[in-house]
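Worksheet: the structure to be examined is printed underneath.
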Amino acid sequence: MVCGGFTCSKNALCALNVVYMLVGLLLIGVAAWGKGFGIVSSLHIIGGVIAIGVFLLLIAIIGLIGAVSHHQVMLFIYMVVLILIFIFQLVVSCSCLAMNSSQQERFLSEAWNSMGNGTRRDMEKNLNCCGWLNTTEKSAHFREEYSQCPAECKTKSEKCETCGNKMLIHAGEALKILGGVGLFFSFTEILGVWLAFRYRNQKDPRANPSAFL
């Protein structure tokens with residue numbers, strides 16, 4: 001049975017925004033957990049994940065309040081923001097799915113070079129690797145980086161595998177998962193826009209029949 005009534009549209013929109021709130025809280029919780037357990041020490045990464053979680057949480061709250069109160073302005077703002085998020089997320093998801101191996105290497109190399117020393121040391125420790133793809137051991141920069149590497153492999157062997165090799169092995173699979181999840185999540189945003197648009201143009205059966213809603 002198609003959900004076409006006022007109450008059904010309201011409940012569906014509320015349920016969708018509750019899911020968005022849970023996702024936002026999950027992002028905030030994961031960032032805090034990663035910081036607390038020392039998995040990632042970079043404030044930029046932690047702050048970025050928390051900012052995304054807070055933004056998603058605020059949008060979900062606006063949508064939830066608008067759905068409960070049938071507030072026209074809040075529902076309109078909710079629709080506009082979801083459309084903008086959908087466009088951005090669709091572009092990013094398609095880019096992740098279309099990225100080839102050379103593009104992956106260039107992207108990861110730029111990300112590695114932009115990291116702070118603390119974040120690099122965390123990744124080397126967690127991935128049990130040292131350095132990026134620089135195999136020129138005579139390089140002064142390579143020796144300096146290798147000497148600061150906290151990976152466990154240094155105590156077990158003379159040479160550790162580079163982090164670039166380890167990351168590139170799983171980069172393709174990770175980007176496909178990321179792109180697929182982002183693509184799926186983007187269509188839930190279109191569902192939210194459609195529900196909000198239809199709900200805005202429906203009249204509350206408990207209200208004055210002559211009132212314009």
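The values are calculated or read from the model by the stated rules, or taken from the named source; none is laboratory data. As the structure is a prediction and not an experimental result, all values here were calculated from the model. Please note: Cβ atoms are built from the backbone with ideal geometry, for glycine as well, and neighbour counts cover all protein chains shown.
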task: Kindly list, by first and then second residue, each pair from a residue in segment 78-104 that is more than 12 Å from Glu189 (Cβ to Cβ) and among the hydrophobic types (A, V, I, L, M, F, W, C) to a residue that is modelled with pLDDT of 85 or more and not in a helix (DSSP H, G or I), limited to pairs with Cβ atoms under 7 Å and residues at least 6 apart or on different chains.
output: none
- prompt: Somewhere in segment 68-88, is a residue modelled with pLDDT under 80 and surrounded by 17 or more Cβ atoms within 10 Å (Cβ to Cβ)?
  reply: no
- line: In segment 161-177, anything among the β-branched types (Val, Ile, Thr) and more than 18 Å from Ala151 (Cα to Cα) is listed as Ile169, Ile177
statement: Taking segment 105-120 and keeping only residues that are out of contact with any Gly (no Cβ under 9 Å at 6 or more places or on another chain), touching a residue at least 24 places away in the same chain (Cβ under 8 Å), among the small types (Gly, Ala, Ser) and part of a helix (DSSP H, G or I), one is left with Gly118
message: Being at pLDDT 85 or above and in a helix (DSSP H, G or I): is that true of Leu58 here?
response: yes
- prompt: What pairs can you find where one residue is in segment 9-21 and surrounded by fewer than 16 Cβ atoms within 10 Å (Cβ to Cβ), the other is among the hydroxyl-bearing types (Ser, Thr, Tyr), and their Cβ atoms are less than 8 Å apart, with a gap of 6+ or different chains?
  reply: Val19/Thr188
task: For segment 148-174, enumerate the residues that are closer than 12 Å to Glu105 by Cβ and either in contact with a helix residue (DSSP H, G or I) (Cβ under 9 Å, 6 or more places away or on another chain) or among the basic types (Lys, Arg) (or both).
output: Gly164, Met167, Leu168, Ala171, Gly172
task: Return the pairs, sorted by first residue and then second, in which the second residue is part of a loop (DSSP other than H, G, I, E, B) and hydrophobic (A, V, I, L, M, F, W, C), the first residue lies in segment 193-213 and is more than 21 Å from Ile61 (Cβ to Cβ) and at pLDDT 75 or above, the beta carbons are less than 8 Å apart, and the residues are 6+ apart or on different chains.
output: Gln202/Leu213; Lys203/Ala211; Lys203/Leu213
query: Among the residues of segment 128-140, is there at least one that is modelled with pLDDT of 80 or more, assigned to a helix (DSSP H, G or I) and not basic (Lys, Arg)?
result: no
